[in-house]
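Undergrad: Sharing a structure with you now.
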Amino acid sequence: QVQLVESGGATVQAGGSLRLSCTASGGTLSRYSMAWFRQAPGKERGFVAAIRSVDAYTYYADSVKGRFIISRDNAKNAVYLQMNRLKPEDTALYYCAAGEDIEIFTSPSKYDYWGQGTQVTVSS
């Protein structure tokens, strides 16, 4: 089994940047597709970005495309989410997720392992 831990969440002003990190223990992330999801109070958990295991293909939600960048460093057993030009509507608890042989990137049910989340708050 894999344990995921997110870090890097903070309170920032609109227009600012943050980089979230997700590190793993108990397994090697190289064989997993990785993703970031987020959930705001009263809303369902929504897809943010994903990166595939084999070729590092990336996929983004329309709401973050051009602002966020997902990347991975298999040697460090980590995945990152660089968030730029943050908006108040980006405020949410951000979760890291891992799954094997993921074909539908945007579905939370397709991922096997989840972190506890890290809070991102963007003030206007």
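Undergrad: In segment 16-29, which residues are open to solvent by 50 Å² or more (accessible area, probe 1.4 Å) and over 18 Å from Ser124 (Cβ atoms)? Even if it seems obvious, please write down each step before you answer.
TA: In the first step, residues of segment 16-29 are kept if they are open to solvent by 50 Å² or more (accessible area, probe 1.4 Å); the result is 17, 19, 23, 25-26, 28.
Across segment 16-29, the qualifying residues are Arg19, Thr23, Ser25, Gly26, Thr28.
Undergrad: Hey, can you tell me all the residues within segment 56-95 that are in a loop (DSSP other than H, G, I, E, B), at pLDDT 95 or above and not acidic (Asp, Glu)? Steps first, please.
TA: At the first step, the residues of segment 56-95 found to be in a loop (DSSP other than H, G, I, E, B) are 56-57, 61-67, 77, 84-87, 91.
Retained after the next criterion (residues that are at pLDDT 95 or above): 61-67, 84-87, 91.
Selection gives Ala61, Ser63, Val64, Lys65, Gly66, Arg67, Asn84, Arg85, Leu86, Lys87, Thr91.
Undergrad: Moving on to the next point. Scanning segment 23-69 for residues that are of a type in the set (A, V, I, L, M) and more than 12 Å from the chain's Cα centre (by Cα), which turns out farthest from Thr118 (Cα to Cα)?
TA: If we take residues in segment 23-69 being of a type in the set (A, V, I, L, M) and more than 12 Å from the chain's Cα centre (by Cα), then Val54 is farthest from Thr118 (Cα to Cα).
Undergrad: Can you tell me how many residues in segment 96-112 are of a type outside the set (Gly, Ala, Ser), farther than 18 Å from Asp62 by Cα and either part of a loop (DSSP other than H, G, I, E, B) or modelled with pLDDT of 95 or more (or both)?
TA: First, pick out the residues of segment 96-112 that are of a type outside the set (Gly, Ala, Ser): 96, 100-106, 108, 110-112.
Imposing the further condition that a residue be farther than 18 Å from Asp62 by Cα reduces the set to 96, 100-103, 110-112.
Applying the additional criterion that residues be either part of a loop (DSSP other than H, G, I, E, B) or modelled with pLDDT of 95 or more (or both) yields 96, 100-103, 111-112.
Final tally of qualifying residues: 7.
Undergrad: Now a separate question. Considering segment 88-106 alone, what residues qualify as being out of contact with any Lys or Arg (no Cβ under 8 Å at 6 or more places or on another chain) and open to solvent by 30 Å² or more (accessible area, probe 1.4 Å)?
TA: Residues satisfying the conditions are Pro88, Glu89, Thr91, Asp101, Thr106.
Undergrad: Just wondering, is there one or more residues in segment 7-15 that are outside any loop (DSSP other than H, G, I, E, B) and surrounded by 18 or more Cβ atoms within 10 Å (Cβ to Cβ)? First the steps, then the outcome.
TA: We begin by selecting, within segment 7-15, every residue outside any loop (DSSP other than H, G, I, E, B); these are 7, 11-13.
If we keep only those that are surrounded by 18 or more Cβ atoms within 10 Å (Cβ to Cβ) as well, we get none.
No, the conditions are met nowhere in segment 7-15.
Undergrad: Within segment 94-124, which residues are touching a residue at least 60 places away in the same chain (Cβ under 8 Å) and among the hydrophobic types (A, V, I, L, M, F, W, C)?
TA: Passing the criteria: Cys96, Ala97, Ala98, Ile102, Phe105, Trp114, Val120, Val122.
Undergrad: Look through segment 38-55, keep the residues that are open to solvent by less than 50 Å² (accessible area, probe 1.4 Å) and either more than 22 Å from Ser123 (Cβ to Cβ) or part of a loop (DSSP other than H, G, I, E, B) (or both), and return whichever of them is modelled with the lowest pLDDT.
TA: Here is the first cut: in segment 38-55, the residues open to solvent by less than 50 Å² (accessible area, probe 1.4 Å) are 38, 40, 46-51, 53.
Then keep just the ones that are either more than 22 Å from Ser123 (Cβ to Cβ) or part of a loop (DSSP other than H, G, I, E, B) (or both); that gives 40, 47, 49-51, 53.
Values: Ala40: 96, Phe47: 97, Ala49: 97, Ala50: 96, Ile51: 95, Ser53: 87.
It comes out as Ser53.
Undergrad: Do we find that Ala14 is at pLDDT below 95 and either farther than 19 Å from Val2 by Cβ or small (Gly, Ala, Ser) (or both) in this structure?
TA: no
Undergrad: Let me ask something else about it. Within segment 56-73, which residues are of a type in the set (A, V, I, L, M, F, W, C), over 16 Å from Glu89 (Cα atoms) and either touching a helix residue (DSSP H, G or I) at 6+ places or on another chain (Cβ under 9 Å) or open to solvent by 20 Å² or more (accessible area, probe 1.4 Å) (or both)?
TA: Here is the first cut: in segment 56-73, the ones of a type in the set (A, V, I, L, M, F, W, C) are 56, 61, 64, 68-70.
This time we only want the ones that are over 16 Å from Glu89 (Cα atoms), so: 56, 69-70.
Scanning segment 56-73 gives Ala56, Ile69.
Undergrad: Starting from residues that are over 18 Å from Gly15 (Cα atoms) and within 13 Å of the chain's Cα centre (by Cα), keep the ones in segment 74-87 and report whichever is most open to solvent (accessible area, probe 1.4 Å).
TA: Per the criteria, the residue is Tyr80.
The values are calculated or read from the model by the stated rules, or taken from the named source; none is laboratory data. The model shown is predicted, which means the values in this text are computed figures rather than measured ones. As a convention, Cβ positions derive from the backbone with ideal geometry for all residues, glycine included, and neighbour counts pool all protein chains shown. The area values use the complete protein model at the heavy-atom level, side chains included, leaving out ligands, DNA and RNA. Shrake-Rupley method; radii C 1.70, N 1.55, O 1.52, S 1.80 Å.
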